[in-house]
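The values are calculated or read from the model by the stated rules, or taken from the named source; none is laboratory data. A quick note: this is a predicted structure, and the numbers were derived from the prediction, not measured. Cβ coordinates were reconstructed from backbone atoms using ideal geometry, including for glycine residues, and neighbour counts include every protein chain displayed.
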Amino acid sequence: MKKVAVLFSGGVESSCLLYLYLSKGWIVYPVYVMTGQFWEKFEYRRASSLWGYAKRTYPKLMPIKCIVTKTAQTKFKLIKTEEELFIPLRNLTLLTAVGSYAISKGAYHIGIGSLGLYPFPDNNFDYIKEVEALMSKGAKISLSVNAPLLGMEKSEVVQRFKDLVPFHLTFSCINPVVRKGKVFHCGRCIKCMERHEAFKDLGKTL
């Protein structure tokens with residue numbers, strides 16, 4: 001039985017990755033990595049709700065594992081540009097954080113929902129494969145880091161998975177708004193703007 005540890009934040013890409021592996025019959029271990037960013041507690045809350053929804057259909061979906069580590073802190077409250085969104089060593093931190101947990105579960109595949117859209121030095125195929133090689137060497141086993149959505153536009157991802165993923169439950173916002181105990185998108189940050197563009201062709205605002 002194939003097993004995979006999926007970096008799962010509850011956003012569009014990571015949710016599509018989660019459903020992609022589940023629909024293929026894999027045992028999926030979703031991992032949320034807390035790195036000290038101020039939006040994460042809200043994001044994790046929404047991700048947990050989506051996990052509960054998916055679990056009703058897919059018994060091979062394992063409980064969410066929350067791993068706490070640290071990356072550099074963002075300097076901006078409302079992030080509107082790619083430059084402001086850059087967090088040094090972000091993908092390296094996420095992948096190495098999930099590595100030991102994946103090995104403990106016998107899951108020698110790790111899934112990351114990177115699209116490669118941002119011009120960051122750690123957001124491309126070569127970098128991911130270099131991390132894969134280092135992790136495999138350090139673990140003395142063959143680990144596979146997979147980014148099956150790499151090279152796609154966000155709108156392409158939405159079109160491909162629109163009949164599989166409950167996009168209304170996904171959440172990706174860097175400046176969350178809480179009203180009456182519920183978490184909503186701010187509608188102004190770069191993540192919200194990207195989300196709006198991705199769903200525009202479906203005639204929806206999610």
Under 7 Å between Cβ atoms, at least 6 apart or on separate chains: pull out the pairs that start in the range 126-140 with a residue that is touching a residue at least 12 places away in the same chain (Cβ under 8 Å) and end on any residue that is exposed (fewer than 14 other Cβ atoms within 10 Å of the Cβ) and not hydroxyl-bearing (Ser, Thr, Tyr).
TYR127/PRO121
Kindly list, by first and then second residue, each pair from a residue in the range 189-202 that is touching a residue at least 24 places away in the same chain (Cβ under 8 Å) and farther than 9 Å from VAL158 by Cβ to a residue that is in a helix (DSSP H, G or I) and among the hydroxyl-bearing types (Ser, Thr, Tyr), limited to pairs with Cβ atoms under 9 Å and residues at least 6 apart or on different chains.
GLU197/SER155; LYS200/SER155
Which one of the conditions (1) part of a loop (DSSP other than H, G, I, E, B); (2) within 17 Å of SER14 (Cβ to Cβ); (3) modelled with pLDDT of 95 or more; (4) not charged (D, E, K, R) does SER172 fail to meet, given that it meets all the rest?
(3)
Return the pairs, sorted by first residue and then second, in which the second residue is hydroxyl-bearing (Ser, Thr, Tyr) and at pLDDT below 95, the first residue lies in the range 1-20 and is within 17 Å of SER155 (Cα to Cα), the beta carbons are less than 6 Å apart, and the residues are 6+ apart or on different chains.
GLY11/SER172
Give me the residue from the range 1-51 that is of a type in the set (D, E, K, R) and in a loop (DSSP other than H, G, I, E, B) and, out of that set, farthest from PHE171 (Cα to Cα).
LYS2
In this structure, is VAL33 among the hydrophobic types (A, V, I, L, M, F, W, C), at pLDDT 95 or above and farther than 21 Å from LYS162 by Cβ?
yes
Top-ranked residue of the range 101-123 - restricted to ones that are in contact (Cβ under 8 Å) with a residue 24 or more places away in the chain and among the small types (Gly, Ala, Ser), ranked as surrounded by the most Cβ atoms within 10 Å (Cβ to Cβ):
GLY111
Tally time: how many residues in the range 100-128 are in a helix (DSSP H, G or I), touching a strand residue (DSSP E or B) at 6+ places or on another chain (Cβ under 8 Å) and modelled with pLDDT of 95 or more?
2
Here's a check for you: in the range 124-172, which residue that is crowded, with 19+ Cβ neighbours inside 10 Å and among the small types (Gly, Ala, Ser) is farthest from GLY52 (Cα to Cα)?
ALA147
